[in-house]
Structure formats: C-alpha cells, structure tokens
Amino acid sequence: MCAELGDQTWQFPLDRVARMLSPKKRNAPLDDKVIDHLGNYACVSDSPRFMKKLKNAVMKLGPRLKDIQWPSGPDERTFYTPLAQFLNACVSVCKKELTNDDRYTKGPFHDLEFIVYDKETQDSVDGASPVKPDLVGGKKFMAFADSDDCKVKSARLYWNPPDKNMSPILLPVEVKDNWIELVCQAATNARCLFSTSPLRQYSLVLGYNHKEGTFRFLIFHRGGLSASLPLDLRDKDSHKSLLHVFLSLLSCIHARDAGLAAWCNERQFKLPVDNSDKPDYVDANVDEILHDGNCCRGRVNRVIRISYSVPKDVSTSPLPVATTPLFPVTQLRRSARVANAEAKKGVEAPVNSEKSSSNQVDSRTRSETKASNIPDSSTLAITPIAVYGPTRDLEDVKQELMILVKPLNPCRGETSHGFIKAAWPKRDLGSGCSSVPEARMLNVCGDKFGTSQHHYSFPANHSHGIPTSNDIFLLTETELKKGVAEFHWNLFFPHQKHSTPLPEYRSLWIHVGKLIGTSLVSSPTPLVLFTAVLHAMLGWLAICQEELQHRDISVGNVLRLENPVEMPSFKFKSDIADLIGTLSLSETLPFTVTEQIARLESSLAELKVNTRCLGFIIDGDMAVDWKTYFDANHDGTRSGTFEFMSDKLRESLYLPRTYVQSTVDDLASFYYVGQWAAVFNPSHQSDMLEELRNHVAGPLPSRSFATSRIINLSPKTPSHRQDYGLFLQCCQPILKEWYDSIVSLDRRFVEVTDELTAHFDGKIDSNTYQSLFLSFSYHGVADFAQILERNGASLASYDKLDS
C-alpha cells in the first residue's frame, strides 16, 4: 500500500475536511474543463443552523469525556476502549442535535456507533487474508448480546454482509504508534470499502497515533490520500474541529451525500437512452463482473457484462435482477506501483506508472488472464467480498454523452446485451481534460472493423449535480499556482530530497459498448485463434491510422468472439499520402508504404476478410496521441502488460536513457499474445507444457527461453505432440515465421531510426516519427496476414488431426 499511495499524500485543516464530507449543493455551473472546488458548493456545514448545532454539541461533549481513562503505556491495545468511548461520545452529542429532524433517520451514518473489534473480518479482498480493524464504526453494533463496554467478544463482521439485515463495517479505525504503518494499514481497510462499492467517490478511515496522542480523518480516493491535520484528542480546544467533521457526516441524508453513486447499486445501472420513443433511461442489469482492478489509487478499471430491455408496455416488468453473489471473473490488474520496491531490489517487475521518469511504465500483470475459481461461499471460513443484490433504489441523473458513436437504442420487448467499463483516468492539467487519447480513440474508432463497437461514454455525475471526481479532496487551481508544498504530507519519503509532486485529479468515466468477447486462450482451433488476432490487428491499425497508438496489447485486451459479428469492412485512410509524411523518410525506408498496403490488401482478399469479424481490440487506457506524443516534453513514458511487452521495451525499464515506445513494440506484443494463447490453450495438459507455461509467464530470460523452445518445435514429431499437445504443435509454423518477421522488422526499425537521428542532428521531428510508426504498422500487419495466408490450409487440417 505504501508503493501504491506513493507520494500522493496530502493534508488539510479540519474545517476544510468537514466541508469535503458535508452534504452539499452545487451553486455554480459545472465545467469539466477546470478543477472543481468547494467554492462551487453550498455546504450544509457552513449554514448558521449547522453552526448552532455544532456549538451545542461542543458544550455537551465535555461532561461525557470526564470518565474516560487514557493509558500512558506503549501497548496500543490499551487505547482501544478509551478511543471507542471517546468516538461514541462525539457521535452521541451530534446525534442529539439531529434527533428532531426526520431527514437524518435513514442517512448513511444514522445510528453510527463504534466498538472495539481487533479480529479478522468475515470477508476479504481478492483471496487475500482478511484484515483486522482495531475498531469499527457501524449501525447498532452495541446491540450484540456479548457487548460490554464497547467490546464485542465473538461477533464477526462483514464489509458487505450476505444478509441485508446485518450491519456492514462503515468506518474502520486504526491505532498505531507511527503514521506510516497506520496509513498503510488504513489503506488496506479502504480497499475493502472500495470493494463493497467500487464506484464510490471515497473511502473514509479514522486513524489514531497513540504515541503522539493525535487523530486524523483519512480520506482515500483514486488519486491517493487526503488527510486532516493531526488533532490532539485531549486538547479541549480541538474538540470543536473534531465535532465539526462528525456532525457533517451524521448530517448526510442520502447515500450520494457519502459519495455513493445513486444511479448504480452494483447490480443495476441506470443508463441514458438516446431515443425519444423510449424512456430517457434504461435499467441495465449486471450479469457478470468480467474484470476488476481493485486498488485505492489509479484508474481502477472495472468491466461488467450487462443486459437491458424496454418493456412492451408499462404493465410489463423489466428483467428480473439476480440476487446470487457476484465475484469478478478476473482481476484486471495489480497496481503497477506495487512493483516499485521490487524493481529497486533487482527483481524484474514494472515500476511506478504515474511519476515522470526515464524508465516509467504502466503495466498489467498475469492476473488479468487467470480466472478466479471461487468455491461455494458456504464452504469458506473467509469469503471474498461480493455483491449480493440491490441495496438501494436507483435515481435518474442527467448524464451528458461526451462521446457518442451510436446511441443505446433497445427495442421494446427485446433483451439487449453489452458491457460497461468504469475507469478513473487522470486529468491532463495542461488541457483540463481526462484521458484525452482514450476519448478520441473511442470517438473515431469505436465502430471500425476489429474494435469494440462503442455506444457512448460520459463522465459520471451524482444526481444532485456533483461530478464523481476527487477534485474537492485536493488543491484548488489557485493553490496549485501558488505552490503545493504547504499541503503535501511527505509521509513515506521524509528524508529524500525530491520536488513536491502535483496532485492527481481523477474523474469517473463510464464507457458503454456492445461486444462481449472471450479470451483467445479458449480458441477451439489454431485457425480461429490467428484469425481473431488478425482481425484485432486490423482494429489496432485503424487506431494507428487516426494517429493514435494503443500501447497495451495483451491477452486481456485482444478478445475473440464466439460467433462472427457484422462490422464495417476495414478501410485504408483516403489521405494516406499525407499520413506517410516527409520525403526524407521515404528515401530512408528499405520498403515503400504503397507496397505494404498492396501486400495487405491482397492477403485480406485471399483470406476473405470482409465484414465478418472474429476478434477485436479493447481498452484505450494507455493510448497516446501522436500529435503530442513526440513533443519536447515527452518523458519516455512506457506502457503495457508486462508479460506481453517487447524484449526491448522490457529491457529499457532498467536503462537510464529515454525510450520512445513504437508501433514495432505493439506488433511484438501481438506476437506474445498469440504465443501465450497457444501455450495456455486448455486442450492439452502435461508436465512439460506446464513448465513451458511457467517460462512464458516468467522474467525476460525465461520468456526468451520458452520462445526459443516453441519456434524450434517440430510440427510433426510425435514426442513433441505428446509433450506439448497438438494445438501448440499446429501453431508452431506460424509462430516461427511470425517471430522471425518481428525480429527482422525490429532490426529494420532500429537501422532506419539511427539513420534518421543522424540526419536530423540527434532529434527526429514529430511528423517524421508519425510517418515512421505508421509505415512499420502497415509492414507488420501485412507480414502477419501473409503468414496466415501461407499457412491457412495446414491450420484448417487441425480438426482432422485432432479427431
């Protein structure tokens, strides 16, 4: 968690934290081009009525604290009970100020109370060991039969209970003698809270440093941590600030006041429908969680399969909502930041993805391809945190469709299917926009051959006009201009000299698409596998033609369709001459671009690639825009899923010089995707094959060893078939030719790049780079298409050999 949070730790005064957590109403127009701030809102915590209640609560708190006995020794557990008593006293006096107002009786923190817990929870995250919160806040915990003086002896609590009548953990509390350990432990609790409601705006954890006697509110959001300044609980002058925050929390009326999306309850989404003959919204049911990137800080991609329908008439019920628990099929990624420490130890692993450095990378891991085989929850002592069923009604909200490729247009009485991807992209402080390359990629490529058939995207807003972002938990634009050092809590690196980082502003974006793919690993035949790869490569090439580059080709982002889908046929750009660029490039290239296009067109015709698509590419998280990618401020950022990065890209992570990630790197990643899918195909199992799989998924030398073994397999030797299976043996000729072509292409690319660098006195200009990248893109896809064309007949014989 230390590596995941990194240097994104900030601190603010208590009154500002109270406003962050207070119910609020927008009083200024929403402008997604600028950083949102609390000045745009009327906060309940600012009202005269609220301040009067706060004054009364402060007066009543003193007498409630007289009997609390604070220990003086070093044992943290001796502080649990007095801390619970103190927190309950604070909550109690705040509750009394709200008892005459029925609006708060159903609020998210109504009936809040704290107990000493100090035991493992009943559910946990992603198969990890359950955490042990020192204290927990929830509703009516003191009603347990064995409760005694804030202690509960036997009760075992859930983050997300399977029974709706059970109270979940709402506010975990951690006690430690140092803030580093405390914040890391608090972050694990926050991760559990995020798991119960992945689209929530923030997770709140309370922290008490018993050695210092100081207390903080810890707000974890997708850009890191925003904490309150430390507060001395035994200082009477600090009690007003403390009660200010608690009264703000207890004043929340709706779940949305606590940052929970009112248009989603994790089993249903309310999605806009762009058709006047239909309702403005349709309730989409969550059928399956396909990928779940569970972490505190980052994009946190979440991909789900949905179904939706519009009833034939108002008397017809919509689709029933399942109530069985939902578990993620796969985990989309482990945070790339976790490996930062591993890299420093010399272990080959991805390093910090969000900091500017010459060896920067945003990487995904093998976990995205491994299914989580969740046993029956009744057989588990500790169950994974799961979504069981709708916990609240959905609310309509005006969502502006920022990217509209084609509308969501369900037919009455018919069930439609699709997917939702939710992500928290980082705002580009220069442009003021979030995830510009991905947005542009979806906008111009969302309906092209080999892509995901995009419907629309929008930044998610709460129903009361508040954007689902972390802006209000961070610095304002004015404060940014003055300097951020005042607000930076240099928690993890206090003795290291480095510049103060810029905050990470992130907003929740929802992307809705049509196609649901399956893994290439499950391909029934080698021909299906490589045909799907070719179709996805055409989708990738369409992206390149729009002067964008995907940069994250992986087995999780290249998907297969069970049955072909009709799509517009692949089109070459009509202004291809303009895209090729400068004369100096055409003189340097050892091939002509026109020749490569002709080769590709010929092979596509022979392979009968028309409008029936079998494979497609998804996910523009790491895409870059060539219009800005080669600017002078390019910092050598690298991206990708580690197991599928090209050899040179992986090697560059540990070299001090800048590396420009090219389309040849993407083409090499396509090869490693095909190799992975062939090796992990489940049609054969043996000890030799399992060993090969371990090498394929291992460090670079291990993968190189596996690749050498694969391309040197005999396609006809019986012993090789026994060791590695017929599927891989039939794939071998294509993999060998393909690997050789990638090696040759890479060698040519290096030669041309060196010549151009010398020609331009050490710096290749942006137009030349774009032309170079696009030229090699055509060459690489044409190479693979010709390889598939030459080997098509032998691949088609797999069924006969298998039988």
When region 297-321 is checked residue by residue, the ones that are of a type in the set (Gly, Ala, Ser) and modelled with pLDDT of 75 or more are Gly298, Ser307, Ser309
Per the filter on region 141-165, residues in a loop (DSSP other than H, G, I, E, B), more than 34 Å from the chain's Cα centre (by Cα) and surrounded by fewer than 19 Cβ atoms within 10 Å (Cβ to Cβ) are Phe144, Ala145, Asp146, Asp149, Lys153, Ser154
Of the candidates Gln661, Gln685, the one satisfying the condition of being assigned by TED's automatic domain parsing to the domain that holds Pro701, over 25 Å from Leu788 (Cα atoms), part of a loop (DSSP other than H, G, I, E, B) and touching a strand residue (DSSP E or B) at 6+ places or on another chain (Cβ under 9 Å) is Gln661
Expected single match for of a type outside the set (Val, Ile, Thr) and touching a residue at least 12 places away in the same chain (Cβ under 8 Å) among Glu438, Glu486 is Glu438
If you go through region 725-742 one residue at a time, do you hit one that is modelled with pLDDT of 95 or more, of a type in the set (Lys, Arg) and assigned by TED's automatic domain parsing to the domain that holds Val521? yes
TODO: Return a yes/no flag: does region 59-80 have any residue that is farther than 28 Å from Leu193 by Cα, in the same structural domain as Arg216 (by TED's automatic domain parsing) and crowded, with 20+ Cβ neighbours inside 10 Å.
DONE: yes
Only one of (1) in contact with a Gly (Cβ under 7 Å, 6 or more places away or on another chain); (2) surrounded by 18 or more Cβ atoms within 10 Å (Cβ to Cβ) does not apply to Thr658, and that is (2)
Given (1) surrounded by fewer than 22 Cβ atoms within 10 Å (Cβ to Cβ); (2) aliphatic (A, V, I, L, M); (3) farther than 30 Å from Gly413 by Cβ; (4) at pLDDT 55 or above, Val286 misses just (3)
So, first residue farther than 17 Å from Cys296 by Cβ and aliphatic (A, V, I, L, M) in region 114-130, second residue part of a loop (DSSP other than H, G, I, E, B) and modelled with pLDDT under 90, Cβ within less than 9 Å, six or more apart or across chains; the pairs are Ile115/Phe144; Ile115/Cys150; Ile115/Ala155; Val116/Asp149; Val116/Cys150
Taking region 215-256 and the residues there that are in a helix (DSSP H, G or I) and among the hydroxyl-bearing types (Ser, Thr, Tyr), the one that is farthest from Thr99 (Cα to Cα) would be Ser238
So the helices (runs of 4 or more DSSP H) completely within region 1-74 holding 2 or more residues that are over 14 Å from Val245 (Cβ atoms) are 2-5, 48-64
Just one listed residue, out of Ser669, Ser708, Ser702, is in a helix (DSSP H, G or I), more than 30 Å from the chain's Cα centre (by Cα) and of a type in the set (S, T, N, Q), and it is Ser708
Screening Glu751, Glu737 for residues that are of a type in the set (Asp, Glu) and surrounded by 14 or more Cβ atoms within 10 Å (Cβ to Cβ) leaves only Glu737
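The values are calculated or read from the model by the stated rules, or taken from the named source; none is laboratory data. Owing to the predicted nature of the structure, the values given are computational and were not obtained by experimental measurement. When we count neighbours, we look across all protein chains shown, and the Cβ atoms used for this are built from the backbone with ideal geometry, even at glycine.
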